[in-house]
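Trainee: Structure below; questions to follow.
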Amino acid sequence: MELAVKTLAGEAAGNITLDDAIFGIEDIRKDLLHRTVRWQLAKRQAGTHKTKTRSEVARTTKKSIRQKGSGGARHGSRNAPIFVGGGVAHGPRVRSHAHDLPKKVRKLALAHALSSKVVADMIMVIDTAVLKEAKTKDLAAHFAGLGIENALIISGITVDENFAKAARNIPNVDVLPVAGLNVYDILRRKTLVITKEAAEGIQARFDGTLAQPAIAAEAE
């Protein structure tokens, strides 16, 4: 598959050939995308929700009513869930929501997510994502010229500091290195923008030869 390459200024910069096994899938499997997005969101969920049980609430331990003669139930503690201010029965506990998803499924889902942008004609290749100065106004003008309003930009092995600073003030635009490329971020943005270096990095990632940086964003 061959796509045209543009500069940030919107000028033609040749063509690039992409692997059909990664970008050329026509029959997009939504089930794989759904499973992977659920896996990602479950993995990042904090799981810090917690309610107090009857043994954890602070209430008086004095017997509320006498044992006999009241005509009511023989309650021994106001900590019971049936009373206001008592504990919660079967409430949420601190736990991890993460679940397993085979690596082959995650890898295949990433290829389907990338191909879905090609099928929808929502992919763009630029030569570099580098700026001399970190000026949001200048980068926003470049994006306007390219027709970029809602996009995920994959810059390469690393992200240019000036480009990242300029882009972080532009709404609906995310910038990630190749190691941070993931299904959820691809699908949540309208346009996928990759650099020539990123295209090579994506190929290397699927081949298993991508050099991982010391600190990588959540991938897959």
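Trainee: Could you list the square roots of 5 times each eigenvalue of the Cα gyration tensor of the stretch 48-94, that is, the equivalent ellipsoid semi-axes, sorted largest first and rounded to whole Å?
Mentor: On the way: eigenvalues 135, 20, 7 Å².
Over the Cα atoms of the stretch 48-94, the semi-axes work out to 26, 10, 6 Å.
Trainee: Please provide three numbers in whole Å: the alpha-carbon extents of the stretch 1-45 along the principal axes, with the largest listed first.
Mentor: 42, 25, 12
Trainee: Considering only protein heavy atoms and a 1.4 Å probe, what is the carbon-and-sulfur percentage of the accessible area of the chain? Intermediate values should be presented prior to the final figure.
Mentor: Working: 6520 of 12910 Å².
After summing per-atom areas, the C and S share lands at 51 percent.
Trainee: A further question follows. Can you give the angle from 0 to 90° between the axis of helix 30-44 and the longest principal axis of the chain, with both taken from C-alpha atoms, to the nearest 10?
Mentor: So the helix axis and the longest Cα principal axis differ by about 60 degrees.
Trainee: What aspartates and glutamates does Lys135 reach when the alpha-carbon gap must be under 15 Å and sequence neighbours fewer than 8 apart in one chain are set aside?
Mentor: Counting by Cα, and skipping residues close in sequence, Lys135 has these aspartates and glutamates nearby: Asp160, Glu161.
Trainee: In nm, to one decimal, how far is the Ala4 label point from the Lys62 one, both placed 7 Å along Cα→Cβ?
Mentor: 8.4
Trainee: Moving on. Give the long-range amide H neighbours of Val88: residues separated by 5 or more places, or on another chain, with amide H under 5 Å away, using H modelled in the peptide plane at 1.01 Å from N.
Mentor: Those lying under 5 Å, H to H, from Val88 are Lys52, Thr53, Arg54.
Trainee: Here's another thing I want to ask about it. Quick one: divide the alpha-carbon radius of gyration of the chain by 2.2 N^0.38 Å and tell me what you get. Numbers along the way, then the final one.
Mentor: Working: Rg = 26.4 Å, N = 220, 2.2 N^0.38 = 17.1 Å.
That ratio works out to 1.54.
Trainee: I've got another one for you. Any chance you could run the full-extension gain for Ala73 through Ala13? It's 0.36 nm times the residue separation minus the Cα-Cα distance, nm to one decimal. Working shown, then result.
Mentor: On the way: separation 60, 0.36 × 60 = 21.60 nm, distance 8.29 nm.
Net length gain for the segment: 13.3 nm.
Trainee: Enumerate the lysines that Lys132 could reach by cross-link, defined here as Cα to Cα under 21 Å, with residues fewer than 8 away along the same chain left out.
Mentor: Lys6, Lys165, Lys196
Trainee: Please list the non-local residues whose amide H lies under 5 Å from the amide H of Val5, H modeled 1.01 Å from N, same-chain partners needing a gap of 5 or more.
Mentor: When sequence neighbours closer than 5 places are left aside, the close amide H contacts are Ala13, Gly14, Asn15, Ile16.
Trainee: Per residue, what accessible area does the stretch 1-144 have, given a 1.4 Å probe and all protein chains present, in Å²?
Mentor: On the way: 9450 Å² over 144 residues.
Result: 66 Å² of accessible area for each residue.
Trainee: Let me ask something else about it. Please give the FRET efficiency for His97 paired with Asp31, using the beta carbon to beta carbon distance and R0 = 25 Å, rounded to the nearest 0.05.
Mentor: Plugging the Cβ-Cβ distance into 1/(1 + (r/R0)^6) gives 0.75.
Trainee: Mind giving me the FRET efficiency for Lys137 and Ile157? R0 is 45 Å, r the Cβ-Cβ distance, nearest 0.05 is fine. Please report the intermediate quantities before stating the final value.
Mentor: Working: r = 27 Å, r/R0 = 0.61.
That pair, Lys137 with Ile157, gives E of 0.95.
The values are calculated or read from the model by the stated rules, or taken from the named source; none is laboratory data. These numbers come from a predicted model, not from an experiment. Here Cβ is always computed from backbone atoms with ideal geometry, including for glycine, and neighbour counts include all displayed protein chains. Please note that ligands, DNA and RNA were not included when accessible areas were found on the heavy atoms of the full protein model with its side chains. Shrake-Rupley method; radii C 1.70, N 1.55, O 1.52, S 1.80 Å.
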